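*Asks:* Take a look at this one; I'll ask things after.
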Amino acid sequence: MTSTTPPSPSASLVLQQPAVPAKTSERPKGLDLYSRFAFAGAVCCAVTHGALTPVDVVKTRIQLDPKTYNNGMIGGFRKVVAAEGAAALLTGVGPTFAGYFLQGAFKFGGYEFFKQQSINVLGLETASNNRTAVYLASSALAEFFADIALCPLEATRIRLVSEPTFASGLLSGFGKIAKNEGFAGFYSGFGPILFKQVPYTMAKFVVYEKVSEAVYRQVDKSTLSDAAQTGVNLGSGLIAGFAAALVSQPADTMLSKINKTKGAPGEGTTSRLIKIGKELGLKGSFAGIGARLFLVGLITAGQFSIYGDIKKAMNATGGVELAK
């Protein structure tokens, strides 16, 4: 006869104790959620624009002085380094980083916010059926407020790049414009920056959303690894960047021109824009397009991949998805 040993009291307690459900972290909502979107957008824009400052320096030189910088992007790099040293390629990195940190917060945070407001006003079904219009309106509104923050720093950056002896950096350049030209000096390029950035951002977000939708119609997003989703963000962002660069190139060239020097006494911004447009012509408006396609393609691909990864890291994945 085989005897069985009864379970010990401690073992019995372990067996009988009900399982405690694992704690799940609650997703942020409201202001907490949008502040995370804004932070992710600020970082992705500041990092990508800051890292590609050398390309932006060469692109701006080509736009402002096409007769000197007439050998494309690689030739432009060589001429800048030969004339001013390698450090010149980092001219304006301070205002670039600071300006696009602010702009990215308003742009990405605002885009998510205005998409949600569209749903609140229209209802989810109507907003989803008209999602292209929602993408366009949300991105345009977000960029308008982002440009208010960006414009003074962009004016400082362009002045530093176009006039290497203007000031030693962000603070001295900002102070010099404020002292010599006043508040209006920072916003002389506000019209062109809107003309450039609003269509740029509209194209950027709409093309990104549409390319992503096309990819995820073919493959279930939930089955993809994090690395694969980052790859989708990179590819979609690269295509979106090319589209955005082409749409906004003429205004980008005009912005560089109008910020290079202050206007003549009594000359308004509109008359200056008309004058610059006539001087440039269609061909001149697309000066530096090769460098800018490269620049904006890399920037936009990097932005969407970094933005997506930071959102995941911060548990800010509650963005508005309108695709069916």
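Just so you know, all these numbers are worked out from the coordinates, no wet-lab data involved. The structure presented is a predicted model; accordingly, all values stated were derived computationally and were not measured. Don't worry about glycine lacking a Cβ; one is built from the backbone with ideal geometry, like all the others, and counts go over all protein chains shown.
*Asks:* Using +1 at the Cβ of each Lys and Arg and -1 at the Cβ of each Asp and Glu in the chain, identify which of PHE77, CYS44, ALA137 lies farthest towards the dipole's positive end.
*Replies:* Positive-most Cα among the choices belongs to PHE77.
*Asks:* Per residue, how much space in cubic angstrom lies within the convex hull of the C-alpha atoms of the stretch 186-237? Could you put the intermediate results ahead of the total?
*Replies:* Values: hull volume 4.2 nm³, N = 52.
So the per-residue Cα hull volume is 81 Å³.
*Asks:* Say each of ASN129 and ALA184 gets a label point 7 Å from the Cα, pointing the same way as Cα to Cβ; how far apart are those two points in nm?
*Replies:* My value for the distance between the label points is 5.0 nm.
*Asks:* What number comes out for the charge environment of LYS107, summing +1 per Lys or Arg and -1 per Asp or Glu over other residues with Cβ under 11 Å away?
*Replies:* Numbers: positive: LYS204; negative: GLU112, GLU143, ASP147.
Once all neighbours under 11 Å are counted, the net charge is -2.
*Asks:* Follow-up. Starting from 0.36 nm per residue, how many nanometres of slack lie between LEU122 and GLN218 once their C-alpha separation is accounted for? Write down the numbers at each step before the final one.
*Replies:* Numbers: separation 96, 0.36 × 96 = 34.56 nm, distance 2.84 nm.
Result for the pair: 31.7 nm of gain on full extension.
*Asks:* What's the magnitude of the charge dipole for the chain around its Cα centre, counting Lys and Arg as +1 and Asp and Glu as -1 at the beta-carbon? Answer in Debye, nearest 20.
*Replies:* Values: 32 positive and 21 negative charges, 145 e Å.
Dipole size: approximately 700 debye.
*Asks:* Further, regarding this structure: Quick one: work out Rg over Rh on the C-alpha atoms of the stretch 154-288, Rh as Kirkwood radius.
*Replies:* Working: Rg = 19.5 Å, Rh = 17.2 Å.
Here Rg/Rh amounts to 1.13.
*Asks:* Among LYS176/LYS283; LYS79/LYS283; LYS204/LYS278; LYS59/LYS210; LYS79/LYS257; LYS67/LYS107, which pairs are too far apart, with a Cα-Cα distance over 26 Å? Don't skip to the answer; put the middle values down first.
*Replies:* Working: LYS176/LYS283 34 Å; LYS79/LYS283 23 Å; LYS204/LYS278 28 Å; LYS59/LYS210 29 Å; LYS79/LYS257 20 Å; LYS67/LYS107 35 Å.
The pairs that break the limit, which is 26 Å between Cα atoms, are LYS176/LYS283; LYS204/LYS278; LYS59/LYS210; LYS67/LYS107.
*Asks:* So, one more: Where a ≥ b ≥ c are the square roots of the eigenvalues of the C-alpha gyration tensor, would you call the chain rounded, which needs a/c under 1.5, or, failing that, prolate if a/b is larger than b/c, or oblate?
*Replies:* Values: a/c = 2.45, a/b = 2.15, b/c = 1.14.
It comes out prolate by the Cα gyration axes.
*Asks:* Picking from ILE62, ALA316, ALA146, whose Cα lies most toward the positive end of the charge dipole for the chain (charges on Cβ: Lys, Arg +1; Asp, Glu -1)?
*Replies:* The Cα lying farthest towards the positive end belongs to ILE62.
*Asks:* Does the stretch 90-157 come out rounded, prolate or oblate by the C-alpha gyration tensor, with a ≥ b ≥ c the root eigenvalues, rounded set by a/c under 1.5 and, if not, prolate when a/b is larger than b/c and oblate if not? The partial results should precede the final answer.
*Replies:* On the way: a/c = 3.77, a/b = 3.68, b/c = 1.02.
Verdict is prolate for the stretch 90-157.
*Asks:* Taking the Cβ of GLY30 as the centre, find all other residues whose Cβ is under 14 Å away and add up their charges (Lys, Arg: +1; Asp, Glu: -1). The partial results should precede the final answer.
*Replies:* On the way: positive: ARG27, LYS29, ARG36; negative: GLU26, ASP32, GLU112.
Neighbourhood net charge equals 0.
*Asks:* Something else: Among the aspartates and glutamates, which have Cα under 13 Å from the Cα of LYS311 when same-chain residues fewer than 8 positions away are ignored?
*Replies:* The reachable aspartates and glutamates, counting only those whose Cα sits under 13 Å from LYS311, are ASP32, GLU112, ASP226.
*Asks:* Please name which of GLY169, VAL198, ALA214 has its Cα lying farthest along the dipole of the stretch 134-224 towards the positive end, using unit charges on Cβ (Lys, Arg +1; Asp, Glu -1) and the Cα centre as origin.
*Replies:* Ranked along the dipole, the leading option is GLY169.
*Asks:* Based solely on its DSSP helices, what 222 nm [θ] is calculated for the chain when runs of n ≥ 4 H residues each add -39,500 (n - 2.57) and the sum is averaged over all residues, nearest 500 deg cm²/dmol? Each step should come with its number before you reach the end.
*Replies:* Numbers: 13 runs with 245 residues, N = 324.
Calculated at 222 nm, the ellipticity per residue is -26000 deg cm²/dmol.
*Asks:* Between beta-carbons, use under 10 Å as the cut-off and find the net charge around PHE205, counting Lys and Arg +1, Asp and Glu -1. Let's see the in-between values first.
*Replies:* Details: positive: LYS107, LYS115, LYS204, LYS210; negative: GLU143, GLU209.
Taking every Cβ under 10 Å from that of PHE205, the sum is +2.
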